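A quick write-up on the structure given underneath.
The values are calculated or read from the model by the stated rules, or taken from the named source; none is laboratory data. As the structure is a prediction and not an experimental result, all values here were calculated from the model. Glycine also receives a Cβ, built like all others from the backbone with ideal geometry; neighbour counts cover every protein chain displayed. Ligands, DNA and RNA are stripped out before the accessible areas are found, and what is left, the full protein with its side chains, is counted by its heavy atoms. Shrake-Rupley method; radii C 1.70, N 1.55, O 1.52, S 1.80 Å.
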Amino acid sequence: MVKSKNEAEIAILTAAKSIFSVKGKDGATMQEIANEAGINKALLHYYFRNKDLLFEEVFLDAVKKFHPILKNAIEQEVDLYQKIHQICEAYITMAIDNPFVPVFVLSEVNKQPELFIQKMFGGDLPDFPKLAAQIKREVSLGNIKPIHPQQLILNMMSMCVFPFVFKPIFIIGMQADKELFNQLMLERIKAVPHFIIDSIKI
């Protein structure tokens, strides 16, 4: 039995994340979330007037936990190969834990990009220019193959995030199941950075 406001909100957000992770925002219903949380639908609407507001809360909570991990991975003073491993692990782990995030970002970011990015990061974007400068420096020193820094960053981001956007097509087209897909994503935590590093290693 949920006894307090705090307990109710935690139960709702936990249930919503579970349902959104399986069905996405459009496929989920408020009744399913209420059932999962063990409350009635009226109480759910008392805390969150509609599904959009609830989804935004769950989405921002996921981003709030992910942002400092990514920011630290990009900005810390470590060698490039280690940094690539940490960035890829941060992105893929976030998407495994919150599979609704990449799809939602893809659908929303082009509508009002500056407003959406402000909502996600609060004006505190990870220092991608610092990462680009580090890549450029490694190229100039002859430590890695010549590559445009932005291309390498795009390669990392796309290899980490795109599989989660492609998931429905992969499952149907490959006649696979969600368990296989999830196992492949876990393997990509190590496979992607190795692939990226092998592509630039002298």
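Of LYS51/LYS119; LYS17/LYS41; LYS83/LYS167, which ones are farther than 23 Å apart at the Cα? Among LYS51/LYS119; LYS17/LYS41; LYS83/LYS167, the Cα-Cα distance tops 23 Å for LYS83/LYS167. Would you please name the GluC sites (Glu not before Pro) within segment 1-98 that are DSSP coil residues with at most 13 other C-beta atoms within 10 Å of their C-beta? Filter output for segment 1-98: GLU77.
From the square roots a ≥ b ≥ c of the eigenvalues of the alpha-carbon gyration tensor of segment 1-49, which class results: rounded (a/c under 1.5), prolate (a/b over b/c), or oblate? Verdict is prolate for segment 1-49. Legend: helices of the chain (whole DSSP H runs) are marked when their alpha-carbon atoms reach 24 angstrom or more along the helix axis and their mean Kyte-Doolittle hydropathy is at least 0.5; marked are 149-173.
The fraction of accessible area contributed by carbon and sulfur in segment 1-132 is 54 percent, rounded to a whole number (1.4 Å probe; ligands and nucleic acids excluded). In a reduced charge model with +1 at each Lys and Arg Cβ and -1 at each Asp and Glu Cβ, segment 1-49 shows a dipole moment near 100 debye about its Cα centre. Farthest towards the positive end of the charge dipole of segment 63-200, among the residues PRO126, GLN76, SER199, is the Cα of PRO126, using unit charges on the Cβ of Lys, Arg, Asp and Glu.
For segment 127-198 versus segment 15-38, the spacing of their alpha-carbon centroids is 30 Å. The structure shown yields Rg/Rh (Cα atoms, Kirkwood Rh), and of the options (1) 0.97; (2) 1.07; (3) 1.03 that calculated value carries the label (3). The residues of segment 64-202 have, on average, 59 Å² of accessible surface per residue, using a 1.4 Å probe with all protein chains present.
The chymotrypsin sites (Phe, Trp or Tyr not before Pro) of segment 2-98 include none that meets both conditions, a loop assignment by DSSP and at most 11 other Cβ atoms within 10 Å of the site Cβ. Within segment 87-150, the trypsin sites (Lys or Arg not before Pro) that combine a DSSP coil assignment with at most 16 other C-beta atoms in a 10 angstrom radius are LYS111.
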